[in-house]
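The values are calculated or read from the model by the stated rules, or taken from the named source; none is laboratory data. Bear in mind that the values here come from a model prediction, so they are computed numbers and not experimental data. As a convention, Cβ positions derive from the backbone with ideal geometry for all residues, glycine included, and neighbour counts pool all protein chains shown. When the accessible area is computed, the model is the full protein with side chains, heavy atoms only, and any ligands, DNA or RNA have been set aside. Shrake-Rupley method; radii C 1.70, N 1.55, O 1.52, S 1.80 Å.
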Amino acid sequence: MEKVKMIPNVNLDHHIPSDSLLTTSDYLNDLKSDEVQYHKKEYLDFKDFQPDPSGFSIWDRFRKPEFQRQTNSWTDEKYINLLSTLKNNQVIPGVIFWLNPETGHIFVLDGAHRLSAIRAWATDDWGDSDEAKEYGYLEEDELRAANRMRQQVNEAIGDYEACRKAALKFKKVVDAKKNPKDELDESVESMGRFMYHLNTSLKIPIQWVTGGYQDAEQSFVNINTGGTPLSDEEALFIENRRSPVARAMAGIISNGSKQSIWIQNYEECTNISKELYQILLAPSDNIPSKIKVTDYPLVLLKKQNSFDRYQFLQYLFCVMEHGQTGKNNLHATLENLANESDDNLVAETTLKKLKDLQSHLSHIRGKSPNSLGLMPVFYFYSLKGQFSQVLFFSFIMWLFKGTSSEIKERKLIFTLNRGHFESVLMLTKEQVIKYLGRKGGPSRLSNNQAQFFDQLLNEVKLGKALGATPKETAAEFLKNLDANLYSEFRKSSIAGRPYSQFTNTTKQQQEILAYFEGCYKCELCGGAIEISVSHQVDHIEKRSEGGDNSVGNGRIVHPWCNNNRDKIPNGNEIQKTSKVVEPPELQPTPELIYGQLELDF
């Protein structure tokens with residue numbers, strides 16, 4: 001797929017806040033909303049978009065369904081086109097509402113972007129107000145996007161206050177029975193005429209969904225899976241958004257800012273969601289153009305305007321629960337308890353899903369006693385600095401398969417061979433990514449990908465036993481794995497074209513390999529160690545056996561290695577790295593970059 005530069009959209013999510021739909025038990029009772037016939041409001045007009053200090057305007061009653069995604073899918077052009085339509089007194093499509101008879105809230109089933117755009121113009125709030133910041137987490141580039149959007153609107157339409165002042169001048173001229181075109185500057189006349197007539201020209205038709213909650217929900221699903229081409233996974237998420245995994249996904253993506261998705265355990269679910277956001281998603285928000293390889297995040301994903309983050313988390317929860325993905329497993333992951341009437345069970349399961357994910361990630365990176373302290377750039381990125389979801393998921397599928405005792409045993413065997421394992425992986429990284437990708441993308445991961453790492457580890461153990469070098473082990477592994485990949489590996493070792501400069505890709509690969517060779521290694525397992533992120537200082541001579549606290553009796557090790565040192569023989573024989581290489585600065589990239597998806601929920 002062709003790559004395009006992603007331009008962040010403005011985020012107007014706060015203008016119409018999300019709110020809890022009925023709990024599952026209420027859903028089954030299916031409250032009726034026939035009283036909508038008594039409200040008799042057929043249009044939204046100009047005054048409905050104005051702030052009302054009383055707090056009793058219709059706008060104050062607007063809500064979005066709780067699992068509806070953020071109001072940030074529109075491009076700048078779409079906002080300008082809508083406001084231009086407004087300025088030219090042209091028809092704006094109607095909106096679809098449903099009245100909750102219990103709360104009196106009016107749920108916007110269709111039209112949230114349209115309404116929020118007009119409200120943003122009327123209040124000069126393009127997502128950077130104090131209200132927006134209080135409502136939910138905003139990325140830095142979304143705040144910059146708000147200022148960019150404001151400038152474009154001011155140039156193309158005129159800001160609300162300028163239009164209001166122009167309308168007063170327009171009215172004064174008209175009341176004096178003079179021609180505004182003769183008396184006013186062209187831009188003032190244009191803005192004044194627009195604002196002067198807005199009171200009567202702005203009428204947005206309202207279509208009310210009558211009947212019960214299930215009627216409203218079905219309308220919501222039909223709207224959001226009909227007009228806009230959504231993927232099967234997007235539709236699956238929408239239809240099962242009450243399930244524990246869907247709630248956990250939405251909580252993480254919102255950085256814990258949407259408490260309405262939790263039924264119980266509000267504080268605990270919010271705190272874990274925030275922690276998981278910082279681990280999995282926050283690094284992608286404002287990644288600089290170049291960073292040191294030591295600062296590569298665990299995961300690097302596309303930002304807003306696509307379903308990528310939901311897909312990634314859905315795959316992650318599916319892998320944690322089923323050990324693989326595939327259509328049936330993806331459905332089972334999201335559909336589990338989606339229609340459960342016991343709210344306590346849903347709430348407790350939601351919390352458990354979050355805790356389980358938090359626990360699994362603690363094995364990979366960080367200072368937890370279970371942490372292997374994997375350095376992301378060496379395990380989950382290509383030598384070109386591109387994050388590979390297939391590599392990431394395949395490795396964790398392998399690491400976490402089986403029972404707790406089997407996982408512990410696998411971690412120990414891995415640790416005993418880790419130094420050699422990492423060297424072989426770095427030499428074969430590009431071939432490994434190709435091989436794993438052939439077996440299926442993130443949506444079709446099977447035991448084949450997990451078993452691959454068993455093959456690699458077995459070859460590493462054999463190579464070590466025979467005294468083979470990492471390069472010899474790598475060659476033997478690829479020869480047994482795939483003839484074409486083995487041939488490609490051999491060609492990469494052959495001299496290039498004479499008198500030719502190094503390509504940028506070759507330079508980058510060489511820099512990463514050089515840093516890998518020169519970076520600090522754990523003095524117990526020999527694997528690369530991420531200082532300050534995943535390390536502990538271990539007593540060479542145990543403190544319990546009289547070991548002192550001098551510098552000479554200390555060594556830098558992985559947390560897992562430190563807590564299992566008695567099971568790692570010959571740890572003292574691993575020498576500290578003598579050749580230290582400065583970590584290179586590279587340009588990290590996500591696996592894929594899509595164009596903007598325009599999803600108006």
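Summary table below
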item: All positions within the stretch 303-333 that are buried (at least 18 other Cβ atoms within 10 Å of the Cβ), assigned to a loop (DSSP other than H, G, I, E, B) and touching a helix residue (DSSP H, G or I) at 6+ places or on another chain (Cβ under 7 Å); result: Lys303, Phe307, Gly323, Gln324, Thr325
item: Filtered residue count, the stretch 47-101, keeping only those that are assigned to a loop (DSSP other than H, G, I, E, B), surrounded by 15 or more Cβ atoms within 10 Å (Cβ to Cβ) and without any contact (Cβ under 8 Å) to a residue 40 or more places away in the chain; result: 1
item: Selection within the stretch 102-130 - of a type outside the set (D, E, K, R), surrounded by 20 or more Cβ atoms within 10 Å (Cβ to Cβ) and either part of a strand (DSSP E or B) or without any contact (Cβ under 8 Å) to a residue 60 or more places away in the chain (or both); result: Ile106, Phe107, Val108, Leu109, Trp121
item: Count - residues of the stretch 401-432 that are part of a helix (DSSP H, G or I), open to solvent by 40 Å² or more (accessible area, probe 1.4 Å) and not acidic (Asp, Glu); result: 6
item: Of the criteria (1) surrounded by fewer than 21 Cβ atoms within 10 Å (Cβ to Cβ); (2) more than 17 Å from His363 (Cα to Cα); (3) among the polar types (S, T, N, Q), which one Gln449 fails; result: (1)
item: The lone exception for Asn549 - which of (1) among the polar types (S, T, N, Q); (2) assigned to a helix (DSSP H, G or I); (3) at pLDDT below 70 it fails; result: (2)
item: Complete set of residues in the stretch 341-381 that are among the hydroxyl-bearing types (Ser, Thr, Tyr), crowded, with 20+ Cβ neighbours inside 10 Å and in a loop (DSSP other than H, G, I, E, B); result: Ser371
item: Candidate set from the stretch 248-259 (those that are open to solvent by 10 Å² or more (accessible area, probe 1.4 Å) and in contact (Cβ under 8 Å) with a residue 40 or more places away in the chain); member that is nearest to His331 (Cα to Cα); result: Ala250
item: Options Ile263, Ile253: the member that is out of contact with any Gly (no Cβ under 9 Å at 6 or more places or on another chain) and farther than 28 Å from Pro588 by Cα; result: Ile263
item: Close pairs from the stretch 391-404: first at negative phi and in contact (Cβ under 8 Å) with a residue 12 or more places away in the chain, partner crowded, with 19+ Cβ neighbours inside 10 Å and part of a loop (DSSP other than H, G, I, E, B), Cβ under 6 Å, at least 6 apart; result: Leu391/Phe380; Phe392/Phe380; Phe393/Leu445
item: Members of the stretch 260-297 found to be of a type in the set (Gly, Ala, Ser), open to solvent by less than 20 Å² (accessible area, probe 1.4 Å) and either more than 11 Å from the chain's Cα centre (by Cα) or modelled with pLDDT under 80 (or both), listed by number; result: Ser273
item: From the options Lys133, Lys165, Lys178, residue that is in a helix (DSSP H, G or I), modelled with pLDDT of 90 or more and surrounded by fewer than 19 Cβ atoms within 10 Å (Cβ to Cβ); result: Lys165
item: Filter result for Phe220 (at pLDDT below 90, buried (at least 18 other Cβ atoms within 10 Å of the Cβ), more than 25 Å from Ser443 (Cα to Cα) and of a type outside the set (Gly, Ala, Ser)); result: yes
item: Subset of the stretch 340-382 [among the aliphatic types (A, V, I, L, M), farther than 25 Å from Leu301 by Cβ and touching a residue at least 12 places away in the same chain (Cβ under 8 Å)]; result: Val346, Ala347
